[in-house]
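Here's the structure, in structure tokens; my notes come after.
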Amino acid sequence: MSEAGSHAADGGDGHAHPQPKYMLIWLYLLILTLAEVGVAFLAIPKWMIVTSLLVMAVWKALLVALYYMHLKFEPNRLRMVALAPLPAVAIMILVIMMEYV
């Protein structure tokens, strides 16, 4: 590959940016989705279903945010802006779980 071609491939700033493995992340998301569907049909107590579905949903949201929204490669201050609402999410999850206990 020529020097001009490699310069265009790395974003033009001379530094190589790591490329996430989109298909692997997609596979993880597919597996988590299938697991969520499977858990929804299990004959276990509701609080266990709700807890496992919430954990898998948070995990999927984290994967999407880190890789497809490229937060993994952003500066820490931008990550903090994205993570700031998490305490409110934790409170909402606790309230939802209390409905099933």
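Bear in mind these aren't lab numbers, they're just calculated from the coordinates by the rules spelled out. Nothing here was measured: the structure is a model prediction, and the numbers come from that model. FYI the Cβ positions are ideal-geometry reconstructions off the backbone, even for glycines, and counts take in every protein chain you see.
Can you tell me the dipole magnitude for region 18-99 around its Cα centre, using point charges on the Cβ only (Lys, Arg +1; Asp, Glu -1), in Debye to the nearest 20? Working shown, then result.
Details: 6 positive and 3 negative charges, 49 e Å.
The dipole of region 18-99 has a size of about 240 debye.
What is the fewest-to-most order of M23, M48, M56 by other Cβ atoms lying within 10 Å of their Cβ? Spell out each step's value before the answer.
On the way: M23 8, M48 12, M56 16.
In increasing order of surrounding Cβ atoms, one gets M23, M48, M56.
Would you mind ranking E36, E74, E99 by Cβ crowding within 10 Å, fewest neighbours first? Present the calculation step by step, with values, prior to reporting the outcome.
Working: E36 16, E74 13, E99 9.
Least crowded to most crowded, the residues run E99, E74, E36.
Along the Cα→Cβ direction, 7 angstrom out, place labels at M80 and I44. What is the inter-label distance in nm?
The two pseudo-label positions are separated by 3.8 nm.
Set Lys and Arg Cβ to +1 and Asp and Glu Cβ to -1, take the dipole of region 18-99 about its Cα centre, and tell me which of V95, P75, P85 lies farthest positive.
Selected residue: P75.
Among T33, T51, rank each residue by its count of other Cβ atoms within 10 Å, from fewest to most, as a rough exposure measure.
T33, T51
What shape does region 18-99 have by the C-alpha gyration tensor, where a ≥ b ≥ c are the square roots of the eigenvalues, rounded means a/c under 1.5, and otherwise prolate means a/b greater than b/c and oblate the rest?
Details: a/c = 5.47, a/b = 1.37, b/c = 3.99.
In terms of gyration-tensor shape, oblate.
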